[in-house]
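Asks: Please see the structure below; I have some questions.
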Amino acid sequence: DTGVSQDPRHKITKRGQNVTFRCDPISEHNRLYWYRQTLGQGPEFLTYFQNEAQLEKSRLLSDRFSAERPKGSFSTLEIQRTEQGDSAMYLCASSLAGFSYNEQFFGPGTRLTVL
Amino acid sequence: DQQVKQNSPSLSVQEGRISILNCDYTNSMFDYFLWYKKYPAEGPTFLISISSIKDKNEDGRFTVFLNKSAKHLSLHIVPSQPGDSAVYFCAASEGNGQNFVFGPGTRLSVLP
């Protein structure tokens with residue numbers, strides 16, 4: 001399977017714990033995106049990378065959230081001191097830069113539940 | 001304030017008939033629009049897109065119409081099939097932005 005993969009698919013944690021999610025994009029894609037989706041809503045943009053550079057961050061990305069893409073391939077999203085409001089589906093997407101507009105391919109998501 | 005709205009949370013259509021999903025937006029700077037389809041336990045899948053320089057784009061059974069003056073777009077599926085049953089998201093971006101703004105989605109059920 002050469003699509004976008006995310007790990008883990010599900011994570012249950014207690015409030016105050018730190019969690020880290022991983023995203024592996026489609027191999028030739030140089031752009032990688034993180035979104036958050038809550039029940040009944042569409043995905044909300046969090047941040048995106050072009051290669052290893054983080055080019056845009058949403059104001060939704062509080063200082064408890066940090067994303068990295070150290071070698072321009074996979075990415076991690078860490079949430080520190082989780083809160084119940086962080087419970088959501090975290091989606092990763094990737095695309096190939098070089099076009100004015102480009103289709104983003106989504107992974108299956110990581111569902112986070114904070115107890 | 002939602003910049004992309006899909007006012008119908010759900011829609012049921014008979015197999016073989018037309019499905020029309022609607023989307024309204026408030027940001028006049030949006031110039032690129034997409035529709036994504038999402039099945040349970042999967043990420044959204046790209047369906048079709050349209051640039052603001054066009055008013056229609058067609059791909060097989062799927063056609064997207066854009067009315068810029070009304071800030072409205074619609075997705076037509078003809079003929080509808082049971083496999084089309086999914087949640088459909090409208091999304092928009094401005095300039096060369098990578099920040100797609102998604103609507104809340106419409107759940108389409110195609111009844112056999």
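Asks: What fraction of the Cα pairs in chain A, stated in percent, has a spacing above 25 angstrom?
Replies: On the way: 1064 of 6555 pairs.
I get 16 percent for the Cα pairs in chain A exceeding 25 Å.
Asks: Can you give me the Kirkwood hydrodynamic radius for the protein assembly as shown, using every pair of distinct Cα atoms, in Å to one decimal?
Replies: Numbers: mean 1/r = 0.0552 Å⁻¹.
Kirkwood hydrodynamic radius for the protein assembly as shown: 18.1 Å.
Asks: Give me the net charge of A:Asn30's neighbourhood, meaning all other residues with Cβ under 15 Å from the Cβ of A:Asn30; Lys, Arg count +1, Asp, Glu -1. Mind dumping the intermediate values first?
Replies: On the way: positive: A:Arg31, A:Arg69, A:Lys71; negative: A:Asp24, A:Glu28, A:Glu52, A:Glu56, A:Glu103.
Around A:Asn30, the charge tally is -2.
Asks: Further question: Which of A:Arg59, A:Arg9 has the fewest other C-beta atoms within 10 Å, and how do the rest follow up to the most?
Replies: Values: A:Arg59 6, A:Arg9 13.
Lowest count first: A:Arg59, A:Arg9.
Asks: Taking the Cα centre of chain B as origin, work out the dipole magnitude from +1 charges on Lys and Arg Cβ and -1 charges on Asp and Glu Cβ, in debye rounded to 20. Provide the component values of the computation, followed by the final result.
Replies: Working: 10 positive and 10 negative charges, 30 e Å.
Value, rounded to 20: 140 debye.
Asks: In chain B, how many lysine pairs have Cα atoms under 18 Å apart, counting only pairs 8 or more places apart or on different chains?
Replies: Details: B:Lys5/B:Lys37; B:Lys5/B:Lys38; B:Lys5/B:Lys68; B:Lys5/B:Lys71; B:Lys54/B:Lys68; B:Lys54/B:Lys71; B:Lys56/B:Lys68; B:Lys56/B:Lys71.
Taking chain B as the scope, the lysine pair count is 8.
Asks: Continuing with this model, one more query. With r defined as the distance between the Cβ atoms of A:Gln84 and B:Gln2 and R0 fixed at 22 Å, what FRET efficiency is calculated, to the nearest 0.05?
Replies: Numbers: r = 23 Å, r/R0 = 1.06.
With a Förster radius of 22 Å, E is 0.40.
Asks: List the chymotrypsin sites (Phe, Trp or Tyr not before Pro) within region A:1-100 that fall in a DSSP loop (any state other than H, G, I, E or B) and whose Cβ has at most 11 other Cβ atoms within 10 Å.
Replies: Values: sites: A:Phe21, A:Tyr33, A:Trp34, A:Tyr35, A:Phe45, A:Tyr48, A:Phe49, A:Phe65, A:Phe74, A:Tyr90, A:Phe99; in loops: A:Phe74, A:Phe99.
Taking region A:1-100 and a limit of 11 other Cβ atoms within 10 Å, the loop chymotrypsin sites (Phe, Trp or Tyr not before Pro) found are A:Phe99.
Asks: On average, how many beta carbons from a partner chain sit within 10 Å of the beta carbon of a residue in A:30-37? Provide the component values of the computation, followed by the final result.
Replies: Numbers: counts 0, 1, 0, 3, 0, 5, 0, 6.
Partner Cβ neighbours, averaged per residue: 2.
Asks: Same structure again: Which net charge results when you count Lys and Arg as +1 and Asp and Glu as -1 among the other residues whose beta-carbon is under 15 Å from that of A:Leu39?
Replies: With Lys, Arg at +1 and Asp, Glu at -1, the net is +2.
Asks: While we're on this one: Where Lys and Arg each count +1 and Asp and Glu each count -1, what net charge lies around B:Gly105 among other residues with Cβ under 12 Å from its Cβ? Intermediate values should be presented prior to the final figure.
Replies: Details: positive: B:Lys5, B:Lys37, B:Lys38, B:Arg107; negative: none.
Around B:Gly105, the charge tally is +4.
Asks: Arranged by the count of other C-beta atoms within 10 angstrom, fewest first, what order do B:Lys38, B:Lys56, B:Lys68 take? Numbers along the way, then the final one.
Replies: Working: B:Lys38 22, B:Lys56 10, B:Lys68 15.
Lowest to highest Cβ neighbour count: B:Lys56, B:Lys68, B:Lys38.
Asks: Right, another one. Sort all Cα-Cα distances of chain B into consecutive 10 angstrom bins from zero, then give the percent of pairs in each bin up to the one containing the longest distance.
Replies: Histogramming chain B at 10 Å steps yields 15, 50, 30, 5, 0 percent.
Asks: Then there is this: Can you tell me which of B:60-66, B:99-105, B:21-27 comes out highest on packing, and rank the rest after it, using the mean Cβ neighbours within 10 Å? Can you show the working numbers first?
Replies: Working: B:60-66: 16.7, B:99-105: 21.7, B:21-27: 18.7.
Result, highest mean first: B:99-105, B:21-27, B:60-66.
Asks: Taking the Cα centre of the protein assembly as shown as origin, work out the dipole magnitude from +1 charges on Lys and Arg Cβ and -1 charges on Asp and Glu Cβ, in debye rounded to 20.
Replies: On the way: 24 positive and 23 negative charges, 100 e Å.
Using only the charged Cβ atoms, the result is roughly 480 debye.
Each value in this text was obtained by applying a stated rule to the coordinates, not by laboratory testing. Only a predicted model underlies this, so the values are computations on that prediction, with no experimental measurement involved. Quick reminder, even Gly has a Cβ in these numbers, built from the backbone with ideal geometry, and neighbours come from all protein chains shown.
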